[in-house]
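Quick notes on the structure that follows.
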Amino acid sequence: MPELPEVETTVSGLRSVLEGELIVRAEPRRADLRWPLPPDLRQRLTGARVESLGRRAKYGLIYTDRQDVLIFHLGMSGRWRVDPAEIEKHDHFILETASGRVVALNDHRRFGSLDIIDSQQVDEYRFFAQMGPEPLSEAFDASVLQKALFGRKAPIKAMLLNQNIVAGLGNIYVCEALHMAGIDPIAVASSISKPRLNRLVIAIKEVLTAAIAAGGSTLRDFAAPDGELGYFAKDWRVYGREGEACICGSNILRRVDSGRSTFYCPKCQR
DNA sequence: ACGCACCCCTGTGCGC
DNA sequence: TGCGCACAGGGGTGCG
């Protein structure tokens, strides 16, 4: 489920539990998620102190004082459970701190991943090296997007889902941002005018910022006894609203493009 | 190089 | 109530 805002929210929540803490237990409960877990995961984390946490695109980063960074991806169904009452079937990896806090990476579909690398090599990490800019950074603007889309014949929606164009967007927020900017999801990417790209960039930043702010409010839940992270009900404008009325009054449609649902308003977006 | 279909995995919700 | 199917917010791989 998680896109950038959910990962950001997750990282914020984990930060409040892990930052500055000594790891006394790092326990893989199966040998693989999407890929095999690094065999030295337990050894590299046990006894290390968490220095800081961060995010790159949809990846969460947990830095330790051993010049390591634990990199997690939540895939489609991943979440960190905080101080769980008991360990469940799909809790695949567990961290415990010296102060007795426990976080468990739960991911029933196992599309998520866990890796640990030298923190000096983050930029060169195989999944980061080709990535586009962070959408919320100043490095992401209409000019940069226009250059990235130059000559690209694919639909704008596909381009926005491509992490090498801009990093961290998923299906929900792409649908929402395209609606907000009034752009047809199947418009040829390179044919979109600069003013419209500018609107698109603004819409992307807006929708992500709003979602992070909403996620921030769920951090209270994070502190709850069985505190679960990252899932918050959202009122989307088009996503998941096939057959409902758009704010303009027309019928919201759904189409499937290469296996992914696209929700859009044919009147607002053309 | 690019665009796209497919696949990994499990769970859920729906129609019949 | 049970069964089978469609679908799920990610993204790497391999094909044309």
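The values are calculated or read from the model by the stated rules, or taken from the named source; none is laboratory data. These numbers come from a predicted model, not from an experiment. Counting neighbours? That spans all protein chains shown, and the Cβs are built from the backbone with ideal geometry, glycine included. These area figures cover heavy atoms from the full protein model, side chains too; ligands, DNA and RNA do not enter into them. Shrake-Rupley method; radii C 1.70, N 1.55, O 1.52, S 1.80 Å.
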Does segment A:202-221 include one or more residues that are within 16 Å of DNA strand C (Cβ to nearest atom), modelled with pLDDT under 90, charged (D, E, K, R) and open to solvent by less than 70 Å² (accessible area, probe 1.4 Å)? no
Pick from segment A:251-270 the residues that are among the basic types (Lys, Arg) and open to solvent by 70 Å² or more (accessible area, probe 1.4 Å): which of them is modelled with the highest pLDDT? A:LYS267
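In the set A:LEU74, A:LEU105, which member is in contact with a Pro (Cβ under 8 Å, 6 or more places away or on another chain) and either modelled with pLDDT under 90 or not assigned by TED's automatic domain parsing to the domain that holds A:LEU200 (or both)? Step through it out loud before you land on a result.
On the way: A:LEU105 fails: in contact with a Pro (Cβ under 8 Å, 6 or more places away or on another chain).
From the options A:LEU74, A:LEU105, the qualifying one is A:LEU74.
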Consider A:GLU176 against the criteria (1) open to solvent by less than 20 Å² (accessible area, probe 1.4 Å); (2) assigned by TED's automatic domain parsing to the domain that holds A:ARG30; (3) assigned to a helix (DSSP H, G or I): it satisfies all of them except one. Which criterion is unmet? (2)
Going through segment A:34-55 one residue at a time, which ones are within 16 Å of DNA strand C (Cβ to nearest atom) and touching a Phe, Trp or Tyr at 6+ places or on another chain (Cβ under 8 Å)? A:ARG34, A:LEU37, A:GLY54
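Results for (1) farther than 23 Å from A:ARG56 by Cβ; (2) of a type in the set (A, V, I, L, M, F, W, C); (3) within 11 Å of DNA strand C (Cβ to nearest atom), shown as yes or no for each residue.
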site: A:PRO133; (1), (2), (3): no, no, no
site: A:PHE140; (1), (2), (3): no, yes, no
site: A:GLY151; (1), (2), (3): yes, no, no
site: A:ILE156; (1), (2), (3): yes, yes, no
site: A:MET159; (1), (2), (3): no, yes, no
site: A:HIS179; (1), (2), (3): yes, no, no
site: A:ILE183; (1), (2), (3): yes, yes, no
Out of all the residues in segment A:112-164, which are within 16 Å of DNA strand B (Cβ to nearest atom), assigned to a loop (DSSP other than H, G, I, E, B), within 16 Å of A:LEU200 (Cβ to Cβ) and open to solvent by 10 Å² or more (accessible area, probe 1.4 Å)? A:PHE150, A:ARG152, A:ALA154, A:ASN162
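If you go through segment A:69-78, how many residues are of a type outside the set (A, V, I, L, M), crowded, with 20+ Cβ neighbours inside 10 Å and more than 11 Å from the chain's Cα centre (by Cα)?
0
Residues being open to solvent by 20 Å² or more (accessible area, probe 1.4 Å), assigned to a loop (DSSP other than H, G, I, E, B), more than 19 Å from A:GLU96 (Cβ to Cβ) and touching a residue at least 24 places away in the same chain (Cβ under 8 Å): count how many of those fall in segment A:39-60.
Filtering segment A:39-60 for residues open to solvent by 20 Å² or more (accessible area, probe 1.4 Å) gives A:39-40, A:42-44, A:46-47, A:49, A:51-52, A:55-56, A:58-59.
The next check asks that each one be assigned to a loop (DSSP other than H, G, I, E, B); those that pass are A:39-40, A:46-47, A:58.
Those still in the list that are more than 19 Å from A:GLU96 (Cβ to Cβ) too: A:39, A:58.
Now narrow it down to the ones that are touching a residue at least 24 places away in the same chain (Cβ under 8 Å): A:58.
Residues that pass the stated criteria total 1.
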Report, by residue number, each residue of segment A:1-54 that is closer than 18 Å to A:ARG81 by Cα and polar (S, T, N, Q). A:THR9, A:THR10, A:SER12, A:SER16
Within segment A:239-250, track down each residue that is more than 12 Å from DNA strand C (Cβ to nearest atom), out of contact with any Pro (no Cβ under 8 Å at 6 or more places or on another chain) and either modelled with pLDDT of 90 or more or among the small types (Gly, Ala, Ser) (or both). A:GLY243, A:ALA245, A:CYS246, A:ILE247, A:CYS248, A:GLY249
Selection count, segment A:79-94, where residues are open to solvent by less than 20 Å² (accessible area, probe 1.4 Å) and either over 18 Å from A:GLY13 (Cβ atoms) or out of contact with any helix residue (DSSP H, G or I) (no Cβ under 7 Å at 6 or more places or on another chain) (or both): 5
